[in-house]
1. Looking only at the stretch 68-77, decide whether some residue is farther than 12 Å from Pro20 by Cβ, assigned to a helix (DSSP H, G or I) and free of Cβ contacts under 8 Å to residues at least 60 places away in the same chain.
2. Count, please, the residues in the stretch 1-60 that happen to be in a loop (DSSP other than H, G, I, E, B), farther than 21 Å from Gly73 by Cβ, at pLDDT 95 or above and among the polar types (S, T, N, Q).
3. When the stretch 193-217 is examined, which residues are found to be more than 23 Å from Glu281 (Cα to Cα), without any contact (Cβ under 8 Å) to a residue 24 or more places away in the chain and touching a Leu at 6+ places or on another chain (Cβ under 8 Å)?
4. For a quick check of your reading of the model, give me the residue pairs whose first member lies in the stretch 281-307 and is among the polar types (S, T, N, Q), whose second is in a helix (DSSP H, G or I), with beta-carbon atoms closer than 6 Å and at least 6 apart or on different chains.
5. (1) out of contact with any Ser or Thr (no Cβ under 8 Å at 6 or more places or on another chain); (2) more than 18 Å from Tyr299 (Cα to Cα); (3) aliphatic (A, V, I, L, M): which one isn't true of Leu224, the others all being true?
6. Report, ordered by the first and then the second residue, all pairs with beta carbons closer than 8 Å, sequence separation of six or more or different chains, a first member in the stretch 159-175 that is part of a helix (DSSP H, G or I), and a second member that is polar (S, T, N, Q).
7. Go through (1) out of contact with any helix residue (DSSP H, G or I) (no Cβ under 6 Å at 6 or more places or on another chain); (2) within 30 Å of Arg211 (Cα to Cα); (3) hydrophobic (A, V, I, L, M, F, W, C) one by one and return the number of the condition Leu33 breaks.
8. Out of Ala272, Ala315, Ala303, Ala311, report the one residue that is among the aliphatic types (A, V, I, L, M) and in contact with a Phe, Trp or Tyr (Cβ under 6 Å, 6 or more places away or on another chain).
Amino acid sequence: MAHNEKVTVILVNLGTPDKPDAASVRAFLNRFLSDKRVVSLPDVLWQPLLKGIILPLRSPRVAKLYQKIWLEGGSPLQVYSERLVAKVSQLVQGKVQVKLAMSYSQPLIDDVVQKEIDNGCEKLLVLPLYPQYSVSTSASVFDGCARVFKKNFSIPSFEFIRQYYDFPGYCQMLAERIKSRGVTYSSEHPLVFSFHGIPVRYEKKGDPYPRQCEATAHTVAQLLGLDSASYKLSYQSRFGKEPWLQPYTDQLLTSLAKEGVKSVDILSPAFAVDCLETLEEISRELKDVFIENGGEQFYYHPALNDGDDHAQLLAQLILERLEEHC
């Protein structure tokens, strides 16, 4: 990092509705599901389906789910992301400035990048808050930056952190969080790693996401000293009718319960901060699936959120990456 070089770090998350109502949810889902990185169907097929059926049906239902988890300062994803960025900013104070951006809500990645260019930013480091890379998440962040670069005559030097599940200390931090619960895992009480799913065809086209999820789960399990019977890996949040990565978390929990497993712990390391998919889908819907099929005890390990250890790890990652390119 050159002396007096004007450097900006942007941490980017997915985004969230502005309010927990149907109109705001519809606007957010429309932006999100219109991204070709997320749904790659031709517009002539997808857009009529999206606007005519999916958005009218899903928006009111999803709004009700957001209402259950909404915090005083906004959605959990927004609140935890803002707090996390504030802590990271304090840790790197005086060296670089740290900003928050979102792919599909305010502050939009395109707007944040453009503002930094207008303010004379000379080096831009972008860190998507997705520990594992996927075309449907991290790549869309890159697209947002590229859209802005294409419109400008002068662009800053650019560093993009593709993933950080393999950054030293990340899996150790997850393991320490899990250890702090004080539970011994076994085939009778397994630890379930539930990652957000993607369509199988994404993997076939070269998306490394499944391999990175597997590496994350296996490394954490090794650090915890777990054998193969004591932990499981699965994928949640599938959408549509095409095949997604398996095993599906709901089916895995059903099978475990029917096999006589009474207790499970579950975490979702694909999410840097808690959001609808963790607080509603895992903590409530998937818990109900497990209990209804014979399970008795279900514990969700919270995301890393705005924990001091999480902020310190990201600050270290940022500073090390910047120093590498001095």
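The values are calculated or read from the model by the stated rules, or taken from the named source; none is laboratory data. As the structure is a computational prediction, the values presented were derived from the model and not from experiment. Cβ atoms come from the backbone with ideal geometry, glycine included; neighbour counts cover every protein chain shown.
1. no
2. Residues that pass the stated criteria total 1.
3. Of everything in the stretch 193-217, nothing turns out to be more than 23 Å from Glu281 (Cα to Cα), without any contact (Cβ under 8 Å) to a residue 24 or more places away in the chain and touching a Leu at 6+ places or on another chain (Cβ under 8 Å).
4. Correct list of pairs: Asn293/Thr254; Asn293/Ala257; Asn293/Lys258; Asn305/Tyr80.
5. (2)
6. So the pair list comes out as Cys171/Thr216; Cys171/Thr219; Leu174/Thr216.
7. (1)
8. Numbers: Ala272 fails: in contact with a Phe, Trp or Tyr (Cβ under 6 Å, 6 or more places away or on another chain); Ala315 fails: in contact with a Phe, Trp or Tyr (Cβ under 6 Å, 6 or more places away or on another chain); Ala311 fails: in contact with a Phe, Trp or Tyr (Cβ under 6 Å, 6 or more places away or on another chain).
Only one candidate passes the filter, namely Ala303.
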